[in-house]
1. For the structure I just gave you, tell me whether ASP122 is more than 30 Å from ARG319 (Cα to Cα) and away from the ligand (no atom under 13 Å from the Cβ).
2. Looking at LEU59, is it closer than 15 Å to ALA379 by Cα, surrounded by fewer than 19 Cβ atoms within 10 Å (Cβ to Cβ), among the hydrophobic types (A, V, I, L, M, F, W, C) and under 25 Å from the mean Cα position of the chain (by Cα)?
3. Considering only residues that are touching a strand residue (DSSP E or B) at 6+ places or on another chain (Cβ under 9 Å) and either under 22 Å from SER393 (Cα atoms) or aliphatic (A, V, I, L, M) (or both), which ones fall in the range 259-272?
4. Name the residue that is surrounded by the fewest Cβ atoms within 10 Å (Cβ to Cβ), counting only residues in the range 390-400 that are within 17 Å of TYR350 (Cα to Cα) and touching a helix residue (DSSP H, G or I) at 6+ places or on another chain (Cβ under 6 Å).
5. I'd like the full set of residues that are touching a Lys or Arg at 6+ places or on another chain (Cβ under 7 Å) and surrounded by fewer than 20 Cβ atoms within 10 Å (Cβ to Cβ), limited to the range 206-216.
6. Among the residues of the range 257-315, what is the count of those that are within 16 Å of the ligand (Cβ to nearest atom) and of a type in the set (Phe, Trp, Tyr)?
7. So ASP116 ticks every box in (1) in contact (Cβ under 8 Å) with a residue 12 or more places away in the chain; (2) over 16 Å from LYS270 (Cβ atoms); (3) away from the ligand (no atom under 16 Å from the Cβ) but one. Which box is left unticked?
8. Report every pair of residues separated by at least 6 positions or lying on different chains whose Cβ atoms are under 8 Å apart, first residue within the range 153-164 and under 21 Å from ASP186 (Cα atoms), second assigned to a loop (DSSP other than H, G, I, E, B) and of a type in the set (Asp, Glu).
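The values are calculated or read from the model by the stated rules, or taken from the named source; none is laboratory data. Fair warning: this is a prediction, and the values are worked out from it, not measured in the lab. All Cβ positions, even for glycine, are placed from backbone atoms using ideal geometry, and neighbour counts span all protein chains on display.
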Amino acid sequence: MNTTNTELGVTTDRRQRSVDAELRSRARAVVPNGMYGHLNMSALPAIPQFVERARGARLWDVDGNEYVDLMCSWGPVILGHDDPVVEEAAERQRRRGDCLNGPAPIMVELAETMVDTISGADWVMFAKNGTDATTMCCTIARAETGRATILVAKGAYHGAAPWCTPFPAGVTAADRANLLQYDYNDIASVRAAVGERAADVAAIIASPFRHDAGFDQELVDPTFARDLRAYCDEIGAALILDDVRAGFRLHHGGSWEPLGVEPDLTPWSKSIANGHALAAVTGTDRYRDAAGGIFVTGSFWMGAVAMAAGLATIHELARRDAVARMRDLGGQLRAGVTDSAAAWGFDIRYTGPDQMPNLLFDNDTDYELAVAFSAEAQARGVYVHPKHNWFVSAAMTSDDLDMALTGIDGAFAALRARYPR
Ligand code: PMP
């Protein structure tokens, strides 16, 4: 029986949230805002704040509601939650040891595998978060070149440290003093931003495609990628390809490998260990000494369980031909979502690669329709976010895809009822 949940504004009874509400309330007393960062759902009440468990492409919130997971923990889960092969490898290593006095032998095996897998990579360093890895890339580029300036694309996300956080609270002008901005896919804007400072540019950072939250996604123009490579060579700067979000979803190896463009330095994290905390930097021989010369470390960086998970993940991604599978599943999702939108008379923009799509509505500058759509989708057991790109995992079955497309069609129908033509 359907009832109306007025707080969520959705017409279904499957989203009872009493346990979630109680946990939110307790958290508010002991955690700033009850939650912080990108996982703070206080502005999006339709999305449960707390998650109980997950398996494959499904997850369950703390009130027992089941979802098809199209966020995949915001990227890390690529083979599916609780993948048996990855978890068995992690468990094997856990029995031997995890946080030890030095790296476990598995570090060398994982580094060898990554150097073999990622074209242009001559060495690897490990860390824990994407921000560790992007920041290390900047430090290595500066150490090698003796220069200060870093170019970033306007609106791009490279992490939550003062040099790159999108939010200004607590950030000083000095933290940003050596940054210049360019427009993605626009080589003229790169040259214009650099201007007379070419001799001080340590690095230019680019994402594999433009995946800024809240905007249409934009695939890289292959000519831009090649021109950026040539320009970095011309001025002696490092090309950093931030593969933290897209790595191993677009290609088994570096995301620009199919374009024939090899970066000097690449930060990785998210999906390289299927949800275990692991980040990495890969680089070319030119940057090897500089990488060895900076001091970077962390109490948990050599966690061997995450490395075992990473090794198993990379092998399983290849064995299961996961990129092709995610592209195929994502293609079916795209077709179904765009068909449903058209059938219900919505003008949407479904952008980005099939494996990492982004759905926005025309004439929806305040995201009212996007937020309402995601609430209706959540209410029908489809876990999506209104402003951030979604992630497809290789674990999705045809049942999962059916449940997602049925829920999404129902969400468009409910949206049409709320916003009659
Ligand atoms: N770079 C990109 C492209 C990202 O998407 C992210 C995380 N969303 C980061 C860096 C930072 O990674 P982390 O949150 O693990 O620090």
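1. no
2. No: the conditions fail for LEU59.
3. Of everything in the range 259-272, those that are touching a strand residue (DSSP E or B) at 6+ places or on another chain (Cβ under 9 Å) and either under 22 Å from SER393 (Cα atoms) or aliphatic (A, V, I, L, M) (or both) turn out to be VAL261, LEU265, PRO267, TRP268, SER269, LYS270, ILE272.
4. PHE391
5. Passing the criteria: ALA213, GLY214, ASP216.
6. So the count comes out to 3.
7. (1)
8. The qualifying pairs are ALA153/ASP183; LYS154/ASP183; GLY155/ASP212; ALA156/ASP212; ALA156/ASP242; TYR157/ASP212; HIS158/ASP242.
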